[in-house]
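Novice: Here it is, the structure in full.
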Amino acid sequence: MLGPVLLAASRSDRMRRVVAAAPVTRPVVNRFVAGDELSPAMDTVRSLTASGLEVTLDHLGEDVTDKATARATRDAYLRLLDTLRHDGLGTRAEVSVKLSAFGQALPDGGHDIALANVRQVAELAAEVGTTVTLDMEDHTTVDSTLAILRELRREHPGTGAVLQSYLFRTEEDARALAVAGSRVRLVKGAYKEPASVAFQDKADVDKAYVRALRVLFAGDGYPMVGSHDPRMIAIAQDLAARNHRPAGSYEFQMLYGIRTAEQRRLADEGHRMRIYVPYGADWYGYFMRRLAERPANLAFFLRSFLPAR
C-alpha cells in the first residue's frame, strides 16, 4: 500500500527537502547511490569490475526544465566517458541515460534537444568502445524515447533500450525490438502509472514480464534481464536453455546495493552480470523509487530513524 505513496512523494519538492534534511538519510542513500561525485563512483566501478562484474553508470537527474541544465547533464556524461577511456574500462562499463535529464520535456523542441545532446554522448561512447542504454521513464515519454532510439541506432546500432512490463504496450514493443543487434533491458517498472495504461496488480505485472521475456529470448536481439526476483531469474535461465542461447548472448542486471550475494552467485556461474551504478547529487527521485519497490528497502530506511539501543 505504501508503494504508490512513495512514488508520488518521489515527485514532491516538499518531501525532497524533508528527506534530504534528515540526518539519518545520507548513510541509507549510500547503500544505493555510489556517491555524489564521479570520483567515488569510479572507485565503486573499479572494485566491481575487478571482481568480475560489469557495470552501467547513471549520472542521476531527471525532469530538467532548462537548456543549460540539459547541457550540464550531457557534459557530465562526456566527463564520465573520458574517465572510462582513461581507465581502460570501455569493455566493462557502459552508461545509462534518462532523456528527461537531456531536455526531453522542454516545451519548445524538447525531443530534438534531447536527441542532439544524447547523440554526442553516443558518439563518444563509440570512441571509448562502449554503449549507451536509454532508460525508460513514465508512459508519456515512451514514444519519444523509442523514436530517439531509432535515430541513434542508425549510426550506433548498439544503443540499448529499456522496456517496462507493467505497461500494456510492452509486449508489442518487445516484438518490435527483438531484432539482431538490439539490446533491450526488461524491468517491471518503477513509476506511478494510471490504470488506463499499466497493470496495477503485482501478479499481472509479473505475468507481463514473463511474456515479454519470452519474446526477447526467442528473438534475435540481446536480452538484458533487469530483475532481482528469483522467479524471474530462474525463468530467464530456463528460456536461455530452451532457446539454445550461449553465455554472452544475454545478461542479468541488478541495482547497486541490492541482492549482492545473488549478483556474485550468477557471475560465479558464468553469467554476464551487470550492476546498475547510480551517482550524483540529484539522488532523491531514484532513492524514493527504490524504497517503493521493496518493503525491505523501506524497513531498512525507517529503522535508521530509531534511536540506537
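The values are calculated or read from the model by the stated rules, or taken from the named source; none is laboratory data. Note that the structure is a prediction, hence the values are computed from the model and not measured. All Cβ positions, glycine included, derive from the backbone under ideal geometry; neighbour counts span all protein chains shown. Just the protein is used for accessible areas: all its heavy atoms, side chains included, with ligands, DNA and RNA removed. Shrake-Rupley method; radii C 1.70, N 1.55, O 1.52, S 1.80 Å.
Novice: Any idea how many residues of the range 156-182 are within 15 Å of M136 (Cα to Cα), assigned to a loop (DSSP other than H, G, I, E, B) and touching a Gly at 6+ places or on another chain (Cβ under 7 Å)?
Specialist: 2
Novice: Mind listing whichever residues of the range 191-211 are crowded, with 21+ Cβ neighbours inside 10 Å and in a loop (DSSP other than H, G, I, E, B)?
Specialist: Taking the range 191-211 and keeping what is crowded, with 21+ Cβ neighbours inside 10 Å, we get 198-199, 208-209.
Correct list: F199 only.
Novice: Scan R153, R185, R214, R245 and give me the residue that is surrounded by 15 or more Cβ atoms within 10 Å (Cβ to Cβ), in a loop (DSSP other than H, G, I, E, B) and modelled with pLDDT of 95 or more. Please lay out each step first, then the result.
Specialist: Numbers: R153 fails: in a loop (DSSP other than H, G, I, E, B); R185 fails: in a loop (DSSP other than H, G, I, E, B); R214 fails: in a loop (DSSP other than H, G, I, E, B).
The match here is R245.
Novice: A further question follows. Would you be able to say whether some residue in the range 115-129 is of a type in the set (D, E, K, R), at pLDDT 95 or above and not in a helix (DSSP H, G or I)?
Specialist: Filtering the range 115-129 for residues of a type in the set (D, E, K, R) gives 119, 123, 127.
Imposing the further condition that a residue be at pLDDT 95 or above reduces the set to 119, 123, 127.
After this cut, where a residue has to be not in a helix (DSSP H, G or I) as well, the list is none.
No: the range 115-129 contains no residue that is of a type in the set (D, E, K, R), at pLDDT 95 or above and not in a helix (DSSP H, G or I).
Novice: Let me ask another. Tell me whether the range 248-263 contains one or more residues that are surrounded by 15 or more Cβ atoms within 10 Å (Cβ to Cβ), without any contact (Cβ under 8 Å) to a residue 40 or more places away in the chain and closer than 16 Å to S96 by Cα.
Specialist: Checked the range 248-263: at least one residue is surrounded by 15 or more Cβ atoms within 10 Å (Cβ to Cβ), without any contact (Cβ under 8 Å) to a residue 40 or more places away in the chain and closer than 16 Å to S96 by Cα.
Novice: Would you check which residues across the range 112-149 are charged (D, E, K, R), more than 22 Å from L81 (Cα to Cα) and free of Cβ contacts under 8 Å to residues at least 60 places away in the same chain and list them? Show your work before the answer.
Specialist: Quick first cut of the range 112-149, residues charged (D, E, K, R) only: 112, 119, 123, 127, 135, 137-138, 143.
The next check asks that each one be more than 22 Å from L81 (Cα to Cα); those that pass are 112, 137-138, 143.
Listed by number, the residues that qualify are D112, D138, D143.
Novice: Let me ask something else. Name, by its number, the condition in (1) open to solvent by 40 Å² or more (accessible area, probe 1.4 Å); (2) of a type outside the set (A, V, I, L, M); (3) at pLDDT below 95 that does not hold for T25.
Specialist: Of (1) open to solvent by 40 Å² or more (accessible area, probe 1.4 Å); (2) of a type outside the set (A, V, I, L, M); (3) at pLDDT below 95, only one is false for T25: (1).
Novice: Looking only at residues that are in a strand (DSSP E or B) and closer than 22 Å to L266 by Cα in the range 32-84, which one is most open to solvent (accessible area, probe 1.4 Å)? Walk me through how you get there before you give the answer.
Specialist: Step one: filter the range 32-84 for residues in a strand (DSSP E or B), giving 54-59.
Filter once more, keeping what is closer than 22 Å to L266 by Cα: 54-57.
Working: E54: 27, V55: 0, T56: 1, L57: 0 Å².
Ranking the candidates gives E54 first.
Novice: Looking at M224 and the list (1) in a helix (DSSP H, G or I); (2) closer than 21 Å to P157 by Cα, which single condition is not satisfied?
Specialist: (1) is the only condition that M224 fails.
Novice: Which residue out of G109, G90, G103 is without any contact (Cβ under 8 Å) to a residue 40 or more places away in the chain, surrounded by fewer than 24 Cβ atoms within 10 Å (Cβ to Cβ) and small (G, A, S)? Please lay out each step first, then the result.
Specialist: Working: G90 fails: without any contact (Cβ under 8 Å) to a residue 40 or more places away in the chain; G103 fails: surrounded by fewer than 24 Cβ atoms within 10 Å (Cβ to Cβ).
Of the residues listed, the single one that is without any contact (Cβ under 8 Å) to a residue 40 or more places away in the chain, surrounded by fewer than 24 Cβ atoms within 10 Å (Cβ to Cβ) and small (G, A, S) is G109.
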